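First the structure, in the form of structure tokens, and then the observations on it.
The values are calculated or read from the model by the stated rules, or taken from the named source; none is laboratory data. These figures come from a predicted structure and were not determined experimentally. Every residue, glycine as well, gets a Cβ built from its backbone with ideal geometry; the counts of neighbours run over all protein chains shown. Accessible surface areas use protein heavy atoms only, side chains included; no ligands, DNA or RNA. Shrake-Rupley method; radii C 1.70, N 1.55, O 1.52, S 1.80 Å.
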Amino acid sequence: MIPPPRHADHLAPGSPSPAASPSELGDDETWSRAPSAPELEANKGDLAEIRSDNVPDSIPQKQKTSKAERRAIQEAQRAAKAAAKEAGLSGKSAGTASGANPAMSKQAKSSKASQKKDVPQAASSVASEKKVTERPPERDRKKDVPHPRMQFDDVHRVEKAKKRAIVNQSEARNRVELFRHLPQYVHGTQLPGLESKFFQLEPMHPSVYKVGLQYLSGEVSGGNGRCIAMLLAFKEAIKDYSTPPKKTLSRDLTAKISSYVSFLIECRPLSISMGNAIRFLKNRIAKLPLTLSESEAKANLQSDIDRFINEKIVVADKVIVSHAITKVRDDDVLLTYGSSSVVEMILDYAHELGRKFRVIVVDSRPKLEGQGLLRRLVEKGINCTYTHINAISYIMHEVTSVFLGASSILSNGTVYSRVGTASVAMVAHAFGIPVLVCCEAYKFHERVQLDSICANELGDPDVILKVPGKADLGHLKNMADNENLQLLNLTYDATPSDYVSMIITDYGMLPPTSVPVIVREYRKEQLWI
């Protein structure tokens, strides 16, 4: 068999070329036999010497650390993780070192003295670095997590809440089993008892007390109206606030605001938008510079409240109107449900621009909020049609677009609004009619909700027994206490994002799938909260 040719590039320097004659190769037989073991060892030694000679002196060598330094670094890392673990690991390592090599015991003892001096400093530095780098993000995450809602089917927690409560409330006799986790109280009995305590509640500010009474009586309603009333009450309370001795303004004022919020929750559960506004105010209180005087801090907080109301509610509604007016054309038939302040502003502005359109106001019992909207629109000369929600499928074929308000929009695109909104949106979706939801960005929330059961508000169950103006239809009169009858008056429902065509906000018009972007990006920059 003929061997393959040897190329010149593969030959070592000084080796004969393939074209060399046998005479040039000489009588050396090393080309025709394998090298022996002594020759291999000699070649390895020569190669190592060549490599060491060729290494340049300019290459920086890794700085060697002593055993004591390495041990100090290890002990510092262990001390930062857990003190108990550090003691156990140090004992094990010391025992193994002394048992394995007795000759090194004297050196280990001498190095321990230097380690004891170095370890506390290194451990304290590592611990301080961890405090600076890890704890603030963890605190921020704890602030971002919403507090767990009160579960009213927990007997022990309900009893504790009753002891701290200012408003005396009695539970409903016939509670709906599916909603036992929500508060179900007898309505109409809290207001007289609360009015009699007006001069007895020393820690409660009169403006906050007044807003609570308005919540109970229903004088203030609507998401924006309730939020504005609450913020203005907090503004008055901050104006009259004075820091007690031996206390700081930020901590004591935050505790005051929390007590005010607890009182308002007893009067009526907070809406999601009100929770965002409270979080905004507490965040501003926590970020007050310590160098500010009390008067300057109070002035800053009052200006922040005014700015929030102006930018997030007043100006936001105007921006929503400017976006939504592009969806109103001549000869349109617009349908709305209930009474939404921002939808009313859109209709008024379209009428001022001279657009020719007709409005269908859909209403439902027991609040009949649409009647007030209908009266205001008719007085301004707008052509309107009024119907109840049970006729929604018969009137929907005339509609060109649906405009709805919202109490909140959740991060999965679910619209949380007055009960009946989901039915209107579903019927419109079945008819292929676009559903436009108008909502301010401060009402967006990171919560995810798939139904209307886990979180909701129950209204007065007795109002659904009565028909206004129809005394002869009192078939259910005096039956509220019948143990075989359970009355359910839901306040809100959840509309899935599949039935919503577009959400109009102060940041523009966007699909429901883009709601998490608003919640995530704008919340980082503190633009919407």
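Miscellaneous remarks
- Of all residue pairs spaced 6 or more apart or on separate chains, those with beta-carbon atoms under 8 Å, a first member in the range 279-299 that is closer than 15 Å to TYR241 by Cα and a second member that is at pLDDT 90 or above and open to solvent by 60 Å² or more (accessible area, probe 1.4 Å) are GLU294/SER242; LYS298/LYS239.
- Checked against the criterion of being in contact with a helix residue (DSSP H, G or I) (Cβ under 9 Å, 6 or more places away or on another chain), closer than 30 Å to ALA277 by Cα and crowded, with 21+ Cβ neighbours inside 10 Å, the range 372-384 has at least one qualifying residue.
- SER423 fulfils the conditions (1) at pLDDT below 90; (2) under 30 Å from CYS267 (Cα atoms); (3) open to solvent by 50 Å² or more (accessible area, probe 1.4 Å) except for a single criterion, (1).
- Residues being closer than 26 Å to ASP462 by Cβ and without any contact (Cβ under 8 Å) to a residue 12 or more places away in the chain - total across the range 376-390: 1
- Test: SER293 is on the phi < 0 side of the Ramachandran plot, outside the structural domain of ASP506 (by the TED database) and open to solvent by 10 Å² or more (accessible area, probe 1.4 Å): yes
- SER417 meets the conditions (1) open to solvent by 10 Å² or more (accessible area, probe 1.4 Å); (2) within 30 Å of PRO516 (Cα to Cα); (3) of a type in the set (S, T, N, Q) in every case but one. The failed one is (1).
- HIS351, sole failed condition from (1) open to solvent by 60 Å² or more (accessible area, probe 1.4 Å); (2) assigned to a helix (DSSP H, G or I); (3) not assigned by the TED database to the domain that holds PHE403: (3)
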